Structures are given as structure tokens and as C-alpha cells.
Amino acid sequence: MRIRIRVPATTANLGPGFDGMGLALGLYNEIEAEPASALEVTIEGEGADLLPRDATNRVVRAAAALFERMGSALPPMRLRCHNRIPMMSGLGSSAAAVVGGLALAQAWMGRRDPPEALLEIATMLEGHPDNVAPALLGGLVLVARDEDGLIAARVPIPPMRVALALPGVTVSTEMARRLLPSYLALDDVVYQISHVALLVHAFREGDWGLLGRAMRDRLHEPYRAQLIPGYERAVAAARAAGAAAVCISGSGPALAAFAPEGHEAIATAMAAAFEEAGVPARTWVVEVDFKGVRVEIEPGV
Ligand code: HSE
């Protein structure tokens with residue numbers, strides 16, 4: 001048996017939707033797994049020089065967690081990880097590892113549960129739901145946690161492309177969360193709620209003008225901007241190049257820009273602005289992913 005997993009990058013928050021929404025992106029990590037006599041992990045691509053190749057690897061830990069929940073131990077396997085999602089970038093590399101490991105374990109056990117079934121354990125392993133939910137389900141996903149548990153709802157949106165720019169600094173989500181205020185004033189709460197509601201409507205309708213007004217945030221971006229050298233310049237450059245809306249992707253430092261057209265020029269303009277601020281930057285133009293994690297099982301290899 002050989003199992004192949006493809007799991008998308010994700011951009012969480014989308015401005016005001018802090019911890020409450022995320023979008024899956026067509027930039028994928030791939031994992032291939034087959035039985036072996038002992039755990040063997042090979043890693044190519046992003047993070048190949050940094051990620052552990054033993055039981056502490058995040059993909060392995062997530063797979064082991066699901067086996068454990070089902071009352072068994074992780075069987076010995078050979079894992080080949082081909083990573084395209086940059087680490088500590090705000091593009092959901094850690095959520096992709098968690099979702100990839102869980103989907104792999106589920107397929108190995110021959111279970112055919114829908115991806116939603118993994119949402120709870122994925123959130124527990126990742127700490128917040130807004131990257132794992134779109135990585136599982138694809139598209140734009142709204143998430144909430146309340147007294148009765150987790151809720152995830154996929155919002156239908158038109159196909160669109162996203163321009164991404166990643167300056168050459170790393171930001172740990174943990175550090176970026178510590179910068180945030182514990183309390184918001186009532187007028188800021190109202191600002192957030194009203195902007196999130198408009199943002200969802202703008203995405204659904206593909207209304208770029210409204211998206212530009214709605215993707216504004218007072219909860220985390222003003223605090224996190226300081227972690228991103230050249231932030232102001234890159235946002236201004238993206239807008240000057242035709243972006244309707246720009247946000248910090250997740251906890252950063254990547255920026256995500258939304259526009260009806262001209263994505264390559266927007267990405268290039270953001271990179272040039274970062275470089276003027278003294279930081280090299282990488283760029284991608286990606287489609288929104290509507291499939292979420294994908295599993296292929298090749299029997300009897
Ligand atoms: N909602 C999380 C945060 C996403 O902004 O901290 C992290 O990618």
C-alpha cells in the first residue's frame with residue numbers, strides 16, 4: 001500500500017477575522033507513505049534543513065496522535081515529505097503538517113470519514129482552528145468555538161487568485177500572539193464585527209471595492225506590523241499596483257493581496273518594496289484551493 005496526501009497552504013484571519021476564518025491556497029505540501037520496518041522520514045523542499053526526521057516530526061506526531069486515539073501505535077512507515085509551504089511564514093505550514101499527518105493516519109486505518117471528522121483533533125494539535133479548517137475543507141472557511149464545541153462553515157466564493165509576498169524574516173505565531181491586547185474597547189469590537197460581516201459578503205460576491213473597505217483590522221495587524229520590516233511600504237506598493245485589499249497572512253510575515261487582475265505585478269511590487277526596506281522577499285501567485293486535503297491510496301504496492 002502507498003498513500004499520497006496533498007495538503008494546501010492557508011491564509012488565516014484575512015484582516016479582521018482573527019482566529020475566525022481562513023482561506024485555502026493552491027500551494028501544496030505532499031506526503032507519501034508506505035509500510036517499512038522502522039520509521040524513516042525524508043524531507044525535500046521548504047524546511048528540509050530544519051525539520052526533524054524522527055518521531056518528533058509534526059506530521060509523524062499528528063499521525064501518531066490519531067492512531068493513539070484509536071487505541072493503537074503508529075505502525076512503522078517510510079514517509080517522504082515534499083514541502084512547498086514556507087515555514088514560519090504565516091502560510092499555514094504547521095497546520096498542513098498536522099492535517100497531512102491526520103489524513104495519512106486515517107487513510108492508513110482504512111477509514112473513510114469526511115475531513116470534518118478531523119477538525120476537532122486537528123485544532124487540538126494546532127491550537128487554533130483557522131488554518132486547519134481550510135486545510136481540511138478547502139475554500140473560505142469560517143470557524144467558531146463555543147460552549148458546544150467547534151463550528152466550521154464553508155462559504156461559497158468565486159475562484160480567485162492571491163498574490164503573496166514573504167519577506168525574509170521569520171515570525172513565530174506564539175510571539176506574534178503575545179503582542180496582542182487582552183481586551184478591546186467596545187468601539188473596536190464593533191469595528192471588528194462589522195468589518196468581518198462585510199468581508200464575508202464581499203468574498204461571496206467577489207465585490208473587490210467592498211473587499212478593500214472590509215479587509216481592515218484593529219485587533220492584530222496594528223500590533224504585528226512592527227514584526228514585518230517594510231510593511232507599510234509593501235502594502236502601499238500592492239495598492240498602487242492594483243490590489244483591492246492587502247492583509248497580513250495569519251500571524252505573518254507574509255502579506256496576501258487580493259485583486260481582480262494584475263497579480264504578478266502586485267507580487268513584484270510588494271517584493272520590490274520589501275527590498276527597498278532592506279529585506280529580500282519571495283513571491284507566489286496562487287489560486288484559491290477549493291478541495292482541501294486530498295488523499296490517494298494505491299493498494300498492494
Ligand atoms: N489566527 C492565528 C493568529 C493564525 O493570527 O495568531 C496563525 O497563523
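Working from Cα pairs under 8 Å separated by at least six residues, relative contact order for the chain is 26 percent. Relative to the longest principal axis of the Cα atoms of the chain, helix 231-240 runs at roughly 70 degrees.
A simple rule links phi to the HN-Hα coupling: the Karplus curve 6.51 cos²θ - 1.76 cosθ + 1.60 with θ = phi - 60°, which for the range 55-65 gives 5, 8, 4, 5, 5, 5, 5, 5, 4, 4, 5 Hz, with x for Gly and Pro. Here the range 161-287 exposes an accessible surface that is 53 percent carbon and sulfur, computed with a 1.4 Å probe and the other protein chains kept in place.
Model label sites at A197 and A117, defined 7 Å from Cα along the beta-carbon direction, differ in position by 3.7 nm. Percent of Cα pairs in the range 161-287 per distance bin of 5 Å, from zero to the largest separation: 2, 12, 20, 21, 20, 14, 8, 2. For V162, the accessible surface of its heavy atoms amounts to roughly 0 Å² (probe 1.4 Å, protein chains only, rounded to the nearest 10).
Against the chain, whose longest principal axis comes from its Cα atoms, helix 263-276 is set at around 80 degrees.
Compute the accessible area per residue over the range 172-301, keeping the other protein chains in place, probe 1.4 Å, unit Å².
50 Å²
Both the radius of gyration and Dmax for the chain are 19.0, 61 Å, in that order, over alpha-carbon atoms.
The values are calculated or read from the model by the stated rules, or taken from the named source; none is laboratory data. These numbers come from a predicted model, not from an experiment. In this analysis, Cβ positions are derived from the backbone assuming ideal geometry, glycine residues included, and neighbour counts consider all displayed protein chains. Areas reflect the complete protein model, heavy atoms only, side chains present, ligands, DNA and RNA absent. Shrake-Rupley method; radii C 1.70, N 1.55, O 1.52, S 1.80 Å.
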